[in-house]
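The values are calculated or read from the model by the stated rules, or taken from the named source; none is laboratory data. From a predicted model like this one, the values you see are computed outputs, not experimental measurements. Methodologically, a virtual Cβ is constructed for each residue, glycine included, from the backbone with ideal geometry; neighbour enumeration extends over all protein chains shown. In case anyone asks, the SASA skips ligands and DNA or RNA and just uses the protein heavy atoms, side chains included. Shrake-Rupley method; radii C 1.70, N 1.55, O 1.52, S 1.80 Å.
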Amino acid sequence: MAHISLRPLSLADAPAALALMRRAEGGLGRLPDEMELPWMEQALTSALDGGLAIGAWEGARLVGLIKASRMPSVQFQHVLWDLTVAVDPASQGRGTGHRLFSELLANAATLTPRIERVELVVREGLTHAIRLYERVGFRQEGRFERRFRLSDGSCQADIPMALFL
């Protein structure tokens, strides 16, 4: 197994992040043809404006990322939301996702204003992802029934989850 190093992402990493997101599209809420560089740049800019964006690198190749934005209203400054985690399918099952979450949560604990809550939403069919989120401390908070439409026309619920720091 190659060495994976973690470091904060910057806007300059947007092309590598876009390539990774397209490779990892199976668990994401966008299809590859919906992912374009301006969208990735906007997503990173949002995360970097008070939130966090961290990459997992295997040499010069981005093999994982995690990002979360700070909610914009003053009443919600204690919340990180719109969390996205993606790991290259060829690099899955090696602990990269768990390491990314550990790094995100450690860094979230140092932000000012203080982060108290981290939120994500996951499609119910992604049971491997739900297990990972529960292992790092997230708890299910409900269900958005028939929210996610699959390519075959069927629908799945989205599961909102939260972790309290």
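Residues that are closer than 12 Å to Leu6 by Cα and in contact with an Asp or Glu (Cβ under 7 Å, 6 or more places away or on another chain): find the strands (runs of 3 or more DSSP E) completely inside the range 33-100 holding 2 or more of those. Working first, answer last.
Values: elements: 52-58, 61-70, 79-87.
Where strands (runs of 3 or more DSSP E) fall fully within the range 33-100 and carry at least 2 residues being closer than 12 Å to Leu6 by Cα and in contact with an Asp or Glu (Cβ under 7 Å, 6 or more places away or on another chain), they are 52-58, 61-70.
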**Item:** Output for the range 10-23, where each listed residue is within 12 Å of Ile54 (Cβ to Cβ) and either at pLDDT below 95 or in contact with a Leu (Cβ under 6 Å, 6 or more places away or on another chain) (or both)
**Value:** Ala17
**Prompt:** Limited to the range 64-83, what total is found for residues that are buried (at least 21 other Cβ atoms within 10 Å of the Cβ) and among the polar types (S, T, N, Q)?
**Reply:** 1
**Request:** Can you give me the number of residues within the range 103-150 that are assigned to a loop (DSSP other than H, G, I, E, B), touching a residue at least 12 places away in the same chain (Cβ under 8 Å) and open to solvent by 50 Å² or more (accessible area, probe 1.4 Å)?
**Result:** 7
